[in-house]
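Laboratory data are not the source of any read-out in this text; all were calculated from the coordinates shown. Here the structure is a predicted model, which is why all the values come from computation and not from measurement. No Cβ is skipped: glycine too gets one built from the backbone with ideal geometry, and neighbour counts run over all protein chains shown.
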Amino acid sequence: MIVADVAFDVPLAHPFSYRVPDDCRVAIGQRVMAPLGRAERTGVVVGVREERRDEPLKSLLRLVDGAPVLDAGAVDLARWVAAQSLSSLGSTLAALLPGAVVTEREQAVKGGGADAEGTRVRVRSTGMATPKPELLVGAGRETRLLERIGGGPALVIVPDVDAAARWAQRLAKRGPVARLDSGADENERASAWAALRSGTAALAVGTRSALLAPLPADASVAVIDEHEAAHKPPGPPRLHSRDIVLERGARERRPVLLTSATPSGTTYTGPELSAMLTEAKFERPEIIPLVPTPLTLVLAQAA
């Protein structure tokens, strides 16, 4: 029998195994509906294998997506994010994916086709060196970023919905923009994800739910205001968007651009700081040790 391992948005480290009906094909990275306890839950297929089992398994109920929304490389990246942030894989995937829009064509589990993207990892040629991340600081940093992006392909990660709207307007002057933030409705986000996956969209903007968006091999990823705490909101995965983008860039050998008026301590003290600080003169400040002062002394001076 064919068995699919499905990760749900629950605080459990392990996925759940289900029987795949004989007339159905699923792939890694595809969302499905399956029974979990007394309820039906949406999960992501993170493994497919053939296995002999004596005990019966519950069966998948239906497909949520007609094709995988993630390739195998994106699922592996999500595993890394979950491990680094001490979050479950299912919760991580739920936070980093747009909402599912189920159509009548995709309801029945039989007849669902698996997409080759679900088993292929998109990386650059192994002969290419991994580009060094670049940190753009100082006046005009966003203008320089727009010059680097050009007409794309590129994904711009912003800290919040308001920033997403502003950057969507700026990028729209260079071509159609796919919006992957909650400022767009679920149908628009699902269509934008599909457009990126098919290669019909060259420019995209979004918040952390866009971090795993499918991109062509020559696309760059930019993080706006990498110092902002909004890039690490409450809830899983408890990892900054900047760190996820840097890991993705290293894995997929793609250019990563960061902008900041006041670079974060993580970026500022990184080992590759000299390579990241391009087109800007940024001197390391003098570190002044803080001398603790007893509170009673402060109160006495105030009196």
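Label separation (Ala229 vs Arg38): 4.1 nm, computed from points 7 Å beyond Cα along the C-beta direction.
Ranked by the mean number of other Cβ atoms within 10 Å of their residues, highest first, the peptides 200-208, 176-184 fall in the order 200-208, 176-184.
Modelled spin labels at Lys132 and Ala261, positioned 7 Å past Cα toward Cβ, are 2.7 nm from each other.
Quick one: go through region 72-87 and flag any residue whose amide nitrogen is under 12 Å from the point 7 Å out along the Cα-to-Cβ line of Val3. In region 72-87, the label zone of Val3 (backbone N under 12 Å from the point 7 Å along Cα→Cβ) covers no residue. Of the residues Ala229, Ala202, Leu212, the one whose Cα sits farthest toward the positive end of the charge dipole of region 134-276, with +1 on the Cβ of Lys and Arg and -1 on the Cβ of Asp and Glu, is Ala202. With each label modelled as a point 7 angstrom along the Cα→C-beta vector, the Arg166-Glu142 pair spans 0.4 nm.
Our estimate of slack between Lys173 and Arg253, defined as 0.36 nm per intervening residue step minus the Cα-Cα distance, is 26.0 nm.
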